[in-house]
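The values are calculated or read from the model by the stated rules, or taken from the named source; none is laboratory data. Please read these numbers as outputs of a predicted model, since none were measured by experiment. Heads up, the Cβs are rebuilt from the backbone with ideal geometry, glycines too, and the neighbour counts pull from every protein chain shown. Side chains are part of the model used for accessible areas, which takes the heavy atoms of the whole protein and leaves out ligands, DNA and RNA. Shrake-Rupley method; radii C 1.70, N 1.55, O 1.52, S 1.80 Å.
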Amino acid sequence: MEDIILFTGTANPELANAIAHKLNLPLGACASERFPDGETAVRLLESVHQKSVLIVQPSSPPVNDNLIELMVFADACRRAAADRIIAIVPYFGYSRADSSQGQREPITASMVADLLQTVGVDRVVTLDLHTPQIEGFFRIPVDSLTAVPTLCDKLRNLLPPDIVVVSPDPGRVPMATAYAQLLNSEVAVLHEQRKSGTETMTIQVVGDVRDRPCLIVDDIISTGRTIIRSIDALLRAGAFPEMTVAATHGLFIENAQTKLSHAGIEAIFVTDTVAQEFRDWPKLHVVSIAAPIASAIQGFKSDHSIHNSYEKRRS
Ligand code: R5P
């Protein structure tokens with residue numbers, strides 16, 4: 001892999017190091033700093049001339065800072081005559097802004113795709129995009145990987161045999177189905193419904209969860225509200241009160257840790273797409289996603305396109 005150089009931004013150097021280790025590559029020398037006024041400056045401290053450059057930088061919180069840093073990196077590489085620039089964006093910020101919810105609203109995920117291409121990114125590698133249509137916002141190749149097999153490998157021997165995989169909303173059914181196939185289990189779906197014009201929303205549980213242990217799966221845990229709301233609905237439906245949670249991206253903002261110390265949660269599994277700094281949270285287990293990213297990168301050498309997302313696996 002002589003013509004490849006791998007840089008890390010500041011968002012998740014641990015993951016970049018793990019990927020570099022798997023590829024037997026040193027990390028490229030660079031410096032990235034924030035000025036007191038909030039501006040970002042990046043310097044490449046080695047030549048990228050005619051090389052394939054990989055930049056590992058999830059656009060996790062602080063989303064805007066990390067996104068700008070990724071773009072500044074790409075701009076520096078383009079101006080230094082890199083042959084191609086591959087953005088490894090394990091967590092793609094703004095992925096939930098994938099459609100317009102009403103009049104005069106932006107589709108920010110599409111704008112981010114435009115920005116990355118404008119600064120010279122030739123290819124994007126990402127995991128478990130909130131919706132697959134985000135790939136369509138790009139005119140460059142997008143390798144959309146999934147963490148589901150990696151998480152299932154970790155979970156398989158830890159879960160009780162009669163587990164039910166729960167999708168917290170209809171949008172996560174394809175992901176829940178992928179988990180259920182790999183874990184040989186059934187799927188239940190939570191569905192928010194307004195009973196009448198005057199009554200508040202209630203969550204209906206579609207599927208058999210009574211007296212059964214549940215694995216709630218999601219792409220993102222942000223504030224933790226969706227998970228807590230799901231647990232409450234499952235408990236009301238008679239599910240076994242020790243549940244497991246699995247998600248690809250753990251953002252854990254706004255006191256999520258406090259919320260997720262809910263007695264109904266036995267364990268939470270996330271990947272390292274987003275850097276995790278919790279030291280005192282025994283229920284949280286972080287599973288590394290470095291191996292599938294590294295093997296996707298190895299595929300570039302033969303110019304294979306990697307299509308590993310669970311949507312494509314189903315077809
Ligand atoms: C929503 O559609 C997503 O799939 C997640 O369920 C959501 O982003 C989680 O956010 P929070 O943890 O704040 O409820």
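Considering Ile140, Ile163, Ile203, which residue is of a type in the set (A, V, I, L, M), more than 19 Å from the chain's Cα centre (by Cα), surrounded by fewer than 23 Cβ atoms within 10 Å (Cβ to Cβ) and farther than 21 Å from Ala233 by Cα?
On the way: Ile163 fails: farther than 21 Å from Ala233 by Cα; Ile203 fails: farther than 21 Å from Ala233 by Cα.
Going through Ile140, Ile163, Ile203 in turn, just one is of a type in the set (A, V, I, L, M), more than 19 Å from the chain's Cα centre (by Cα), surrounded by fewer than 23 Cβ atoms within 10 Å (Cβ to Cβ) and farther than 21 Å from Ala233 by Cα: Ile140.
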Original post:
Considering segment 13-67 alone, what residues qualify as being touching a residue at least 60 places away in the same chain (Cβ under 8 Å) and either part of a loop (DSSP other than H, G, I, E, B) or touching a Lys or Arg at 6+ places or on another chain (Cβ under 9 Å) (or both)?
Top reply: Ser52, Pro58, Ser60, Pro61
**OP:** Among the numbered conditions (1) open to solvent by 20 Å² or more (accessible area, probe 1.4 Å); (2) modelled with pLDDT of 95 or more; (3) within 16 Å of the ligand (Cβ to nearest atom); (4) among the aromatic types (Phe, Trp, Tyr), tell me where Phe278 comes up short.
**Re:** (2)
Original post:
Does Leu145 satisfy the condition of being in contact with a strand residue (DSSP E or B) (Cβ under 9 Å, 6 or more places away or on another chain), within 30 Å of Ser295 (Cα to Cα) and surrounded by 17 or more Cβ atoms within 10 Å (Cβ to Cβ)?
Top reply: yes
Original post:
Which members of segment 234-275 meet the condition of being over 21 Å from Asn12 (Cα atoms) and in contact with a Ser or Thr (Cβ under 6 Å, 6 or more places away or on another chain)?
Top reply: Glu266, Ala267
Original post:
Taking Asp218 and the conditions (1) surrounded by fewer than 18 Cβ atoms within 10 Å (Cβ to Cβ); (2) part of a strand (DSSP E or B), which numbered condition does it fall short on, given that it satisfies the others?
Top reply: (1)
**OP:** Might you let me know whether segment 250-258 holds any residue that is within 11 Å of the ligand (Cβ to nearest atom), assigned to a helix (DSSP H, G or I) and either open to solvent by less than 10 Å² (accessible area, probe 1.4 Å) or touching a helix residue (DSSP H, G or I) at 6+ places or on another chain (Cβ under 7 Å) (or both)?
**Re:** yes
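Yes/no per residue for (1) open to solvent by 20 Å² or more (accessible area, probe 1.4 Å); (2) modelled with pLDDT of 95 or more; (3) touching a Lys or Arg at 6+ places or on another chain (Cβ under 6 Å); (4) not in a loop (DSSP other than H, G, I, E, B):
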position: Tyr94; (1), (2), (3), (4): yes, yes, no, no
position: Ser100; (1), (2), (3), (4): yes, no, no, no
position: Arg104; (1), (2), (3), (4): yes, no, no, no
position: Met111; (1), (2), (3), (4): yes, yes, no, yes
position: Val125; (1), (2), (3), (4): no, yes, no, yes
Subject >> Sole exception among (1) under 24 Å from Ala296 (Cα atoms); (2) out of contact with any helix residue (DSSP H, G or I) (no Cβ under 6 Å at 6 or more places or on another chain); (3) at pLDDT 95 or above for Asp3, by number >> reply: (3)
Original post:
What number goes with the only condition from (1) within 16 Å of the ligand (Cβ to nearest atom); (2) open to solvent by 40 Å² or more (accessible area, probe 1.4 Å) that Leu158 does not pass?
Top reply: (1)
